[in-house]
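The values are calculated or read from the model by the stated rules, or taken from the named source; none is laboratory data. Bear in mind the structure is a predicted one, so any value in this text is a computation, not a measurement. Ideal geometry is used to build each Cβ from the backbone, glycine not excepted, and the neighbour counts take in all protein chains shown. These area figures cover heavy atoms from the full protein model, side chains too; ligands, DNA and RNA do not enter into them. Shrake-Rupley method; radii C 1.70, N 1.55, O 1.52, S 1.80 Å.
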Amino acid sequence: MTLTGKTQLLGIIGDPIGHSLSPPMQNAALAHVGWDGVYVPFGVKGAELEQAIAGLWALGVVGFNVTIPHKQRVMTHLAEITPLAQAVGAVNTVWRTAQGWAGTNTDVQGFVAPLVAQGRDWGGSRAVVLGNGGAARAVVAGCQQLGCGEIWVVGRDRAKLAAFAASWQGSPLAPPLQVAPWGDLATLLPAATLLVNTTPIGMAPHGDQSPLDVTLLASLGRDCPGIAPVAYDLIYNPRPTQFLHLAQSLGFTPYDGVEMLVYQGAAALEQWIGLPAPVAVMRRALVAQLEG
Ligand code: NAP
């Protein structure tokens, strides 16, 4: 593209930032829709976060994404935060308003988009979420948006699980959340139709690992005849992960982290430029980057 005097600026802040897949994905989208702007990676150290955010404002930046490790701390520098991002406790997308920067969390939308596209009624269903870290929070909010009747978060550290559960008390979302140790999976899975891996188990270079073995995984949805279980892995490298490879061999519907990444980016782009995001173009750019 040709940069002009009117070219607008979008970007992403994080540390480290060199691995981010968002710049190629968002720049492919901008070129496709013909919006005169560029999306730039900004490596921002924690100690310089406040200064960087003020600088982005002063430079007229239209909006920006936020990634690790700033997704929580950025919230103290915003004039407005959506109730969804407040409940999740993290912001990944920021845009300008007359009052200052506003922020939301599009990871939730990114997570639910492929499940919504399925057209299935998730009302009353049981979801089991592996892991209780940052991404699990967006997944819990997403499961609630879907209408899941039970959301079980499974982890290996009882104290962290208890803190995770407590952190939702008094939240405007109030998800139907329960927590359980890893050992309870055998009793939880048969009545569950959605299983989400939010742990890094199976991420490259450990692509031969899976959070569940095939025997345990095979029990997913066993007590729900006529409903095809969904296995969703937030990991996007390798494709497929061992978890999704096993799930597919058992006849489950698989979704990987590419979908979530594409749709969180699409939601952010639409917020910034007010045009429909070219999702297929974004997915192609992302996959090309992953395979390149
Ligand atoms: P995080 O905050 O570090 O949380 C990771 C969770 O996994 C923690 O609960 C941790 O347990 C658990 N865990 C790690 N190793 C484990 C093991 N060996 N056995 C059992 N549990 C284990 O990380 P995050 O930000 O939530 O990210 C998690 C994953 O999601 C990463 O793979 C990330 O790339 C992916 N992700 C993808 C997208 C996307 O758009 N596709 C977006 C966000 C994240 P403890 O708390 O006990 O340590």
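The modelled label-to-label distance between Thr187 and Leu290, using points 7 Å beyond Cα along the C-beta direction, is 3.6 nm.
The dipole here belongs to segment 225-292: it is taken about the Cα centre, uses +1 on the Cβ of Lys and Arg and -1 on the Cβ of Asp and Glu, and is about 100 debye.
Taking the DSSP beta bridges with both ends in segment 70-159, the antiparallel portion is around 40 percent. Here segment 93-237 is assigned +1 on the Cβ of each Lys and Arg and -1 on the Cβ of each Asp and Glu. Its dipole about the Cα centre then comes out at about 320 debye. Scanning the chain for long hydrophobic helices, with DSSP H runs required to stretch 15 angstrom or more by C-alpha along their axis and to average at least 0.0 on the Kyte-Doolittle scale, returns 22-33, 107-117, 134-146, 257-273, 279-291. By the beta carbon rule, with partners counted only under 4.7 Å, the chain holds these lone Cys residues: Cys224. With unit charges on the beta carbons (Lys and Arg positive, Asp and Glu negative) and the dipole taken about the Cα centre of the chain, which residue among Leu3, Val214, Leu130 sits farthest to the positive side? Of Leu3, Val214, Leu130, it is Leu3. Computed log10 I(q)/I(0) for the chain at 0.12 Å⁻¹: -0.78, from the Debye equation with unit scatterers placed on every C-alpha and solvent omitted. As a length-normalised measure over Cα pairs under 8 Å and 6 or more apart, the relative contact order of the chain settles at 17 percent.
For His32 and Ser167, calculate 0.36 nm times their separation in residues minus their Cα-Cα distance, and state this gained length in nm to one decimal. Don't skip to the answer; put the middle values down first.
Details: separation 135, 0.36 × 135 = 48.60 nm, distance 4.11 nm.
Taking His32 through Ser167 to full extension adds about 44.5 nm, to one decimal.
Taking all protein chains into account, the per residue accessible area for segment 57-203 stands at 40 Å² (1.4 Å probe).
Placing unit charges on each Cβ (+1 for Lys and Arg, -1 for Asp and Glu) gives the chain a dipole about its Cα centre, and among Gln99, Tyr255, Ala47 the Cα reaching farthest toward its positive end belongs to Gln99.
Bridge orientation summary for the chain: considering DSSP beta bridges with both residues in this region, about 20 percent are antiparallel.
Computed from the C-beta positions of Gln248 and Leu59, the FRET efficiency with R₀ = 41 Å rounds to 0.35. Placing +1 on each Lys and Arg Cβ and -1 on each Asp and Glu Cβ, with no other charges, gives the chain a dipole about its Cα centre of roughly 180 debye.
Ignoring ligands, DNA and RNA, what percent of the accessible area of segment 39-136 is carbon or sulfur (1.4 Å)? Don't skip to the end; give the middle numbers.
Details: 2230 of 4050 Å².
Reported share for carbon and sulfur atoms: 55 percent.
Looking at segment 1-154 only, what percent of DSSP beta bridges run antiparallel? Nearest 5 please. Display every interim value, and only then the final one.
Working: 8 of 26 bridges.
In segment 1-154, DSSP labels about 30 percent of beta bridges as antiparallel.
Of all lysines in the structure, the ones whose alpha carbon falls short of 22 Å from that of Lys160, not counting any fewer than 8 places away in one chain, are Lys71.
Placing a label point 7 Å from the Cα of Leu216 along the Cα-to-Cβ direction, the residues of segment 156-189 whose backbone N falls under 19 Å of that point are 156-162, 178-189.
How big is Rg to Rh over segment 149-248, alpha-carbon atoms, Rh as the Kirkwood inverse-mean-distance radius? Don't jump to the answer; show the numbers that get you there.
Details: Rg = 14.3 Å, Rh = 14.6 Å.
When Rh is taken as the Kirkwood radius, the ratio is 0.98.
Modelled this way, with points 7 Å down the Cα-to-C-beta line, the labels at His206 and Glu270 are 3.6 nm from one another.
Stretched out fully, how many nm does the piece from Asp15 to Glu50 gain, at 0.36 nm a residue minus the Cα gap?
Between Asp15 and Glu50, full extension yields 11.2 nm more.
For Val279 and Arg73 in one chain, what is 0.36 nm times their gap in residues minus the Cα-Cα distance, to one decimal in nm?
Values: separation 206, 0.36 × 206 = 74.16 nm, distance 2.94 nm.
Answer, rounded to one decimal: 71.2 nm.
Using a simple spin-label model with pseudo-atoms 7 Å out from Cα toward Cβ, Ala98 and Lys6 lie 2.4 nm apart.
For the peptides 235-241, 49-55, the ranking by mean Cβ contacts within 10 Å, running from highest to lowest, is 235-241, 49-55.
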